[in-house]
Each structure stands twice: as structure tokens, then as C-alpha cells.
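Everything below concerns the one structure shown next.
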Amino acid sequence: MDDAEQSDGEPEPATALAVIAPATGTMVVPAIIADLGEAAALRFFDFFTANIRNPNTRAAYAVAVRGFFAWLEKHDVHAFGAVRTHHASAYVEVLGRRYKAQTVKQHLAAIRMLFDWLIVGQVVGQNPAAVRGPKHVVKKGKTPVLDGDDARKLLDSIDIGTTVGLRDRALIALLIYTYIRSPGSPPRCT
């Protein structure tokens with residue numbers, strides 16, 4: 001199969017970036033990277049194979065990088081040397097209109113890491129993605145609060161007929177007590 005074709009025979013855009021297929025081990029390098037030469041293309045490929053071990057992270061970062069290079073092509077940035085920080089900033093703004101801050105931060109992290117990887121490999125001299133992303137602060141946690149009745153049920157459910165049960169009950173009681181005594185936590189257990 002040619003690099004410019006998908007498995008169903010449809011031509012793939014030049015900037016497409018596929019997640020590495022385990023059977024073939026192939027990946028299409030964006031044209032803007034391929035124009036820099038074979039060393040740059042191999043370094044790009046190594047970013048996804050040698051640098052990112054988790055397949056889920058690899059897939060998410062591939063989507064982010066694919067989106068950025070497609071956006072560059074759409075905005076007539078065809079030379080790698082022409083990519084500047086204002087391009088990355090504009091891309092972050094576009095993403096911010098469509099996605100939540102967490103997603104935008106993940107996309108920006110993927111792009112930053114790719115450019116950092118290319119810098120270390122001496123493919124490029126600077127990171128145009130070194131821009132500030134959106135601020136995301138979690139003010140309210142999603143962990144449910146253990147109320148007094150639940151704490152009592154938990155402690156009563158532990159078998160104290162064994163040494164292990166006594167130890168477990170003592171440790172859990174200590175954890176519950178220190179949670180109650182910690183500053184800023186509500187006195188929920190009785």
C-alpha cells in the first residue's frame with residue numbers, strides 16, 4: 001500500500017497523520033515536516049514511537065498534531081520555518097472556542113512536546129508552540145464526602161475478631177479522624 005492511500009483505497013491528504021498501525025508500522029508524515037528531509041521525518045516518527053509509550057496518549061497526541069498541521073495548511077503556512085508563535089496562539093484561540101480548557105491544554109501539550117522533541121533532535125531551532133494555554137483550575141473536587149453514617153457503617157463492617165481486622169479498623173478510624181481534624185474540612189462524622 002502506498003503512503004498516500006488508506007486501506008480502503010481512498011487517497012489520504014498529504015498532511016494526514018495516522019496513528020501507527022501495528023500490522024504495517026506505517027505513519028504518514030505531514031508535508032511540512034517531510035519537506036525538511038528524511039532526518040526530520042524520522043525524528044517526527046520517533047516522537048510517536050520512542051517518546052510516547054502509552055497507546056492512548058499516542059493516539060490523542062496524534063489527533064492534536066494532525067489538527068495543528070491541518071490548520072497550518074488551511075492558513076497557507078507551507079514552510080516549517082514560517083511557523084511562528086502567533087500561529088500557535090491563533091490555533092489555541094480557535095480550539096478554545098470549540099473545546100473545554102482541558103482539551104485545549106492537552107492539544108497544546110502535544111504540539112509543544114513535538115516541537116521540543118524536534119529541537120532536541122536538531123531539526124528546528126525554536127519552539128513556536130511555546131505559548132500560554134488557557135487557565136484551568138479545579139475548585140470543587142468530585143470525590144464524595146464521607147458522612148457520619150457512612151463512616152460508622154464502614155467501621156462496623158470490619159471484622160474485629162482477627163488481628164488484621166483490628167489493624168484495618170484502627171487505620172481506617174485514624175484516617176477518618178484526621179480528615180475531620182484537617183483544616184478546612186467539614187466536621188461530617190459523629
Item to check | Residues of region 117-133 satisfying the condition of being under 14 Å from THR85 (Cβ atoms) and either buried (at least 16 other Cβ atoms within 10 Å of the Cβ) or in contact with a Pro (Cβ under 7 Å, 6 or more places away or on another chain) (or both) | outcome: VAL124, ASN127, PRO128, ALA129, VAL131, GLY133
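To keep it simple, each residue is scored yes or no on (1) within 23 Å of VAL124 (Cβ to Cβ); (2) of a type in the set (A, V, I, L, M, F, W, C).
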{"site": "THR49", "(1), (2)": "yes, no"}
{"site": "GLY67", "(1), (2)": "yes, no"}
{"site": "GLU73", "(1), (2)": "yes, no"}
{"site": "ALA88", "(1), (2)": "yes, yes"}
{"site": "VAL92", "(1), (2)": "yes, yes"}
{"site": "LEU95", "(1), (2)": "yes, yes"}
{"site": "TYR99", "(1), (2)": "no, no"}
{"site": "GLN102", "(1), (2)": "no, no"}
{"site": "HIS107", "(1), (2)": "yes, no"}
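Inspect region 116-128 for any residue being in a helix (DSSP H, G or I), of a type outside the set (Asp, Glu) and in contact (Cβ under 8 Å) with a residue 24 or more places away in the chain and give the result as yes or no. Full working, then the answer.
Filtering region 116-128 for residues in a helix (DSSP H, G or I) gives 116-120.
Those left that are additionally of a type outside the set (Asp, Glu): 117-120.
If we keep only those that are in contact (Cβ under 8 Å) with a residue 24 or more places away in the chain as well, we get 117-118.
Yes; the residues of region 116-128 include at least one that is in a helix (DSSP H, G or I), of a type outside the set (Asp, Glu) and in contact (Cβ under 8 Å) with a residue 24 or more places away in the chain.
Going by what's in this entry, would ARG43 be described as buried (at least 18 other Cβ atoms within 10 Å of the Cβ) and of a type in the set (Lys, Arg)?
Values: buried (at least 18 other Cβ atoms within 10 Å of the Cβ): yes; of a type in the set (Lys, Arg): yes.
Against the criterion (buried (at least 18 other Cβ atoms within 10 Å of the Cβ) and of a type in the set (Lys, Arg)), ARG43 qualifies.
Quick note: the coordinates plus some simple rules give every number you see, no bench work behind them. Just so we're clear, the structure is a prediction, and the values are computed from it rather than from any experiment. Virtual Cβ from ideal backbone geometry, glycine too; neighbours counted across all protein chains shown.
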